[in-house]
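Input: a single structure, listed below in structure tokens.
The values are calculated or read from the model by the stated rules, or taken from the named source; none is laboratory data. In this text the structure is predicted, and so the values were computed from the model without any measurement. Methodologically, a virtual Cβ is constructed for each residue, glycine included, from the backbone with ideal geometry; neighbour enumeration extends over all protein chains shown. For the accessible areas, the whole protein counts, side chains as well, though only heavy atoms, and no ligand, DNA or RNA atoms are used. Shrake-Rupley method; radii C 1.70, N 1.55, O 1.52, S 1.80 Å.
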Amino acid sequence: MRIDIFCLFPEMFVSPFNQSIIKRAKEQELVDIVIHNIRDHTHDKHHTADDYPYGGGPGMVLKPEPIFEAIEATKQQINPGKVAIILLTPQGRLFSQQIAQELASHSHLMLICGHYEGVDERVHEHLATDEISIGDYVLSGGEPAAMVLVDAIVRLIPGVLGSQTSLNNNSHTGGLLEYPQYTRPQIYRGWPVPSVLLSGNHEEIARWRHQEAISRTAKRRPDLFFEEGKSL
Ligand code: ADE
């Protein structure tokens, strides 16, 4: 998979994308992540990427030209196959495990990080093919949201995680939160590990875990039971 990210602060990605699973996925060439500075596609001497909003109001708005040009230049450089162009914005559809799975099946993603008061509406209307929000709150820029998407998507690329079972058991993958996990010591500060986990009876353990996942989801996230089209 190739992921191009278009933003105003490329340095923000340096550390997060050079650690842990994303770092390994890059080294194994399972993902190629290229960060672009939108400012490199401005033409004035001050490299202006934003401007005042028409009609007045507070803050600045990201100009359309550098964003269109950055994306078009990249599309021309690499084989212009099918690509999802995603604008990170609090106005987008709410990101979820299901959307991460959907996006993980693409071979090429382009992510646009907004800033300031927003992005010129023509980018929403005529460039982006999708708009995604990572939650109902406002970040100062789309960069952290792009990191969240990349992390959730890259770990779903086949071969990135060691074990496919560990993927299937994760919270949200089967529409439930994950069951409780324990490791050694068997008793810590007087708190014992549930005895079923020590029984060696794999059927019992699987049943217990499923029950725990259900009761935990019902208690903490009852909304997950009532998602559209879902039944237990
Ligand atoms: N940019 C600012 N806030 C955002 C959010 N909640 N999700 C995605 N992009 C954003």
Among (1) over 19 Å from TYR116 (Cβ atoms); (2) within 16 Å of the ligand (Cβ to nearest atom); (3) assigned to a loop (DSSP other than H, G, I, E, B), LYS45 falls short only on (2)
What's the total number of residues in the range 142-156 that are farther than 17 Å from GLY92 by Cβ and open to solvent by 50 Å² or more (accessible area, probe 1.4 Å)? 2
Does PRO58 satisfy the criteria of being of a type outside the set (A, V, I, L, M), open to solvent by less than 40 Å² (accessible area, probe 1.4 Å) and more than 10 Å from the ligand (Cβ to nearest atom)? no
State yes or no: is GLY159 in contact (Cβ under 8 Å) with a residue 60 or more places away in the chain, surrounded by fewer than 17 Cβ atoms within 10 Å (Cβ to Cβ) and more than 16 Å from the ligand (Cβ to nearest atom)? yes
Among helices (runs of 4 or more DSSP H) entirely within the range 117-217, at least 1 residues that are farther than 20 Å from SER96 by Cβ, under 27 Å from the mean Cα position of the chain (by Cα) and hydrophobic (A, V, I, L, M, F, W, C) occur in 121-126
Among the residues listed as SER195, SER171, the single one being open to solvent by 70 Å² or more (accessible area, probe 1.4 Å) and either more than 16 Å from the ligand (Cβ to nearest atom) or at pLDDT below 95 (or both): SER195
Residue count, the range 96-130 (criterion: crowded, with 19+ Cβ neighbours inside 10 Å and in contact with a Leu (Cβ under 9 Å, 6 or more places away or on another chain)): 12
Among (1) out of contact with any helix residue (DSSP H, G or I) (no Cβ under 8 Å at 6 or more places or on another chain); (2) under 20 Å from VAL154 (Cβ atoms), which single condition is LEU109 missing? (1)
Could you tell me which numbered condition LEU139 fails, if it satisfies all but one of (1) more than 18 Å from GLU11 (Cα to Cα); (2) open to solvent by 40 Å² or more (accessible area, probe 1.4 Å)? (1)
Tell me yes or no: at least one residue of the range 134-150 is at pLDDT below 95, assigned by TED's automatic domain parsing to the domain that holds ASP51, of a type in the set (Phe, Trp, Tyr) and within 16 Å of the ligand (Cβ to nearest atom). no
Are any of the residues in the range 63-84 part of a strand (DSSP E or B), within 15 Å of the ligand (Cβ to nearest atom) and at pLDDT 95 or above? no
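For the range 85-116, what are the residues that are assigned to a strand (DSSP E or B), under 20 Å from MET12 (Cα atoms) and without any contact (Cβ under 8 Å) to a residue 60 or more places away in the chain?
Of the residues in the range 85-116, the ones assigned to a strand (DSSP E or B) are 85-94, 108-113, 115.
Those still in the list that are under 20 Å from MET12 (Cα atoms) too: 86-90, 109-113, 115.
The answer is LEU87, THR89, PRO90.
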